[in-house]
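Trainee: Quick one: the structure is below, questions incoming.
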Amino acid sequence: MTSTLQARIKGNIDTIQKDIDAMCDHSGAPRAASKLIAVSKVQPMNRVTAALDAGQRVFGENRLQEAQERWGDLKENYEGLELHLIGGLQTNKAAKAVALFDVIQTVDRIKLANTLAAEMEKQDRHLPVFLQVNTGKEPQKGGVLPEGLPDLVKATTDLKLNVVGLMCIPPADDDPALHFALLKKLAKRYGLKRLSMGMSGDFPLAAAMGATDIRVGTAIFGERDYI
Ligand SMILES: *Cc1c(COP(=O)(O)O)cnc(C)c1O
């Protein structure tokens, strides 16, 4: 039986996917190039299960421990599940992150790149990664500053990390278009194909500007209740 919650969450996912497709059509980007990442951090389990039952398979979490608690056992039960780490990672947790996640979006310093490369080798799990860029140069935020990106790209190339794209989180009160444009320009410079950008408030814009990995939480699941 389909519950109201499940119908609501499925409806949200379908609507968002339609908006993304429409934006892709509008901008001429292939629809298949954009994927919707359901950001499940802090959301109660019944909402996450509803998304799984609706067929959603790509999820984003920002904290390792929470992700382990939520997905550690579930991962076995859902074929095709793809977990993205979208929050900052401490080097001493790299081993656990490599074991759990399928994509790491927040590589932002050479030390972390070194540790991840060693762990991936050790576990024989060669995950795709994104380099997170602090396009707004906000001191409290993760991400490499744009001027530090060349060195980080060089280091990750030398380490043979599988860097697939760039990720950014624009400052809350800036026009996100400026940040998406900068991220796109930087990705092009380094021949990187994927752009992780766009959240509940700005995903149509992100899709129109070429986002390939769109991270949406609230618009799918509803507000997060932080305790
Ligand atoms: C929480 C989070 C999101 C989702 O934000 P919403 O506004 O709920 O869509 C996207 N990206 C990152 C990095 C996040 O931490």
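The values are calculated or read from the model by the stated rules, or taken from the named source; none is laboratory data. This is a predicted model, so every value here is computed, not measured. Reconstructed Cβ throughout: ideal geometry from the backbone, glycine too, with neighbour counts over all protein chains shown. Surface accessibility is based on the protein's heavy atoms, side chains included, excluding ligands, DNA and RNA. Shrake-Rupley method; radii C 1.70, N 1.55, O 1.52, S 1.80 Å.
Trainee: Does the range 68-85 contain any residue that is on the phi > 0 side of the Ramachandran plot and not polar (S, T, N, Q)?
Mentor: There is at least one residue in the range 68-85 that is on the phi > 0 side of the Ramachandran plot and not polar (S, T, N, Q).
Trainee: Restricting to the range 187-223, count the residues that are open to solvent by 60 Å² or more (accessible area, probe 1.4 Å), near the ligand (Cβ under 9 Å from one of its atoms) and over 13 Å from the mean Cα position of the chain (by Cα).
Mentor: Counting residues in the range 187-223 that are open to solvent by 60 Å² or more (accessible area, probe 1.4 Å), near the ligand (Cβ under 9 Å from one of its atoms) and over 13 Å from the mean Cα position of the chain (by Cα) gives 2.
Trainee: Give me the pairs, please: first residue somewhere in the range 37-59 and of a type in the set (Asp, Glu), second residue anywhere and more than 9 Å from the ligand (Cβ to nearest atom), beta-carbon distance under 6 Å, and either six or more positions apart or on two chains.
Mentor: Asp53/Gln6
Trainee: Could you check how many residues of the range 1-33 are among the small types (Gly, Ala, Ser) and touching a Cys at 6+ places or on another chain (Cβ under 6 Å)?
Mentor: 0
Trainee: Could you tell me how many of the residues in the range 132-178 are in contact with a helix residue (DSSP H, G or I) (Cβ under 7 Å, 6 or more places away or on another chain), within 23 Å of Val39 (Cβ to Cβ) and in contact (Cβ under 8 Å) with a residue 40 or more places away in the chain?
Mentor: Of the residues in the range 132-178, 5 are in contact with a helix residue (DSSP H, G or I) (Cβ under 7 Å, 6 or more places away or on another chain), within 23 Å of Val39 (Cβ to Cβ) and in contact (Cβ under 8 Å) with a residue 40 or more places away in the chain.
Trainee: Shifting gears a bit: Could you list, ordered by first residue, the pairs with Cβ atoms under 6 Å in which the first is in the range 112-124 and free of Cβ contacts under 8 Å to residues at least 60 places away in the same chain and the second is open to solvent by 60 Å² or more (accessible area, probe 1.4 Å) and part of a loop (DSSP other than H, G, I, E, B), at least 6 apart or interchain?
Mentor: Short answer, once both residue conditions are applied: Met120/His126.
Trainee: Next question. Go through the range 117-175 and report how many residues are assigned to a strand (DSSP E or B) and open to solvent by less than 60 Å² (accessible area, probe 1.4 Å).
Mentor: 12
Trainee: Which numbered condition trips up Lys111, out of (1) in a helix (DSSP H, G or I); (2) more than 23 Å from Arg224 (Cα to Cα); (3) at pLDDT below 95?
Mentor: (3)
Trainee: Mind checking which residues of the range 127-179 are of a type in the set (D, E, K, R) and away from the ligand (no atom under 16 Å from the Cβ)?
Mentor: Answer for the range 127-179, where residues must be of a type in the set (D, E, K, R) and away from the ligand (no atom under 16 Å from the Cβ): Lys137, Glu147, Asp151, Lys154, Asp158, Lys160, Asp175.
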